[in-house]
Amino acid sequence: MSFIRKNVIGFADTAENGDGGAVTVEAAPAETKEPVSCIAKVRFEGSGPALDYYNDEFYLEPGDRVFVSGKYYGKRGLVESVTTHFRVDKNKYRKVIAKNDLHVTGRFIRANDKMISFDTNLDAERFASLMIPPRDPENDEEEEIVCGDGWSVDLTDFEESECVDCDKIMPALDYCTDGKVLYFSLINGRGTAFIKGKSIYKTEFEFDGKTVSGMFCSCPFNDDCLCKHEIAVLITLRMLLSRPELEDKADFTALDYTLFRDFFTNMSKEITLK
Ligand SMILES: [Zn+2]
């Protein structure tokens, strides 16, 4: 797998300076290699040395990003090495439960702390698969989601709405400035955003160019007002729509700049610069 980045000077130059710059990410077609049983050494950011995990579901190579069962469930790990020479007791080993598919393509333009794209294949479902692990096989509780009414607000002056608690606006702004609105997409009037709080929460809504309606968040907050994540999403949507790049564009995807760099420049797989 190799990624080709174009206009890389613009990308590097704008890293600290703010706006402008475009990066094209092209991925080679996904290779469908048969799974190979192995022990993978996986390292997690902010933790000690790499740990061993059994894998029989995926074809793994050093540089792959994976989710695992056990203590580090929910954290994305980096495969450091792989060996097929092993003899272990399967029941004593934690397992690799998902492998990130980073076959992302598209042209991304820097706008504030977001990378905007009008043609990426990084849809909400794929983004979710990169950030949120499948259910923990060791703690397998069925979910049964039920919803009441979603929130509706006018985007222009949502702060005035009675469903917005003023005390939540500053924390929501902090979410925006701290880069916690990781992903945002608006496709055919349907919006989806992922926000990093205690966990990664998904906010969904509809937007007709003026009113945000049917807004829900997956966080545990249930009160008679919007949660911080939903307010952060409204702030982000208004910021993005004020950008000249989005003039006359109805559909777009926006990825947090730091996360974009993490996905496409800090990978240990080969990156070809052109
Ligand atoms: Zn929420």
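Here, each number is a calculation from the coordinates, and none is a lab measurement. Just so it is clear, the structure is predicted and the values come from calculations on it, not from any experiment. Don't worry about glycine lacking a Cβ; one is built from the backbone with ideal geometry, like all the others, and counts go over all protein chains shown.
List of remarks:
- Subset of segment 202-235 [assigned to a strand (DSSP E or B), surrounded by fewer than 24 Cβ atoms within 10 Å (Cβ to Cβ) and hydroxyl-bearing (Ser, Thr, Tyr)]: Thr211, Ser213
- Selected residue (criterion: farthest from the chain's Cα centre (by Cα)) from residues of segment 130-145 that are of a type outside the set (D, E, K, R) and surrounded by 15 or more Cβ atoms within 10 Å (Cβ to Cβ): Pro133
- Flag for Glu80 being in contact (Cβ under 8 Å) with a residue 24 or more places away in the chain, outside any loop (DSSP other than H, G, I, E, B) and among the acidic types (Asp, Glu): yes
- If the condition is being near the ligand (Cβ under 10 Å from one of its atoms) and under 26 Å from Ser129 (Cβ atoms), then segment 226-248 contributes Cys227, Lys228, His229, Glu230, Ala232, Val233.
Rundown of residues vs (1) closer than 22 Å to Arg65 by Cα; (2) in contact (Cβ under 8 Å) with a residue 24 or more places away in the chain, yes/no style:
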{"position": "Cys163", "(1), (2)": "no, yes"}
{"position": "Tyr201", "(1), (2)": "yes, yes"}
{"position": "Lys228", "(1), (2)": "no, yes"}
{"position": "Ala232", "(1), (2)": "no, yes"}
{"position": "Ser242", "(1), (2)": "no, no"}
{"position": "Phe264", "(1), (2)": "yes, yes"}
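- Unique residue being out of contact with any helix residue (DSSP H, G or I) (no Cβ under 9 Å at 6 or more places or on another chain) and within 15 Å of the ligand (Cβ to nearest atom) when the list is Asp223, Asp251: Asp223
- Residues that are among the small types (Gly, Ala, Ser), more than 11 Å from the ligand (Cβ to nearest atom) and farther than 26 Å from Asn121 by Cβ, drawn from segment 181-220: Ser213
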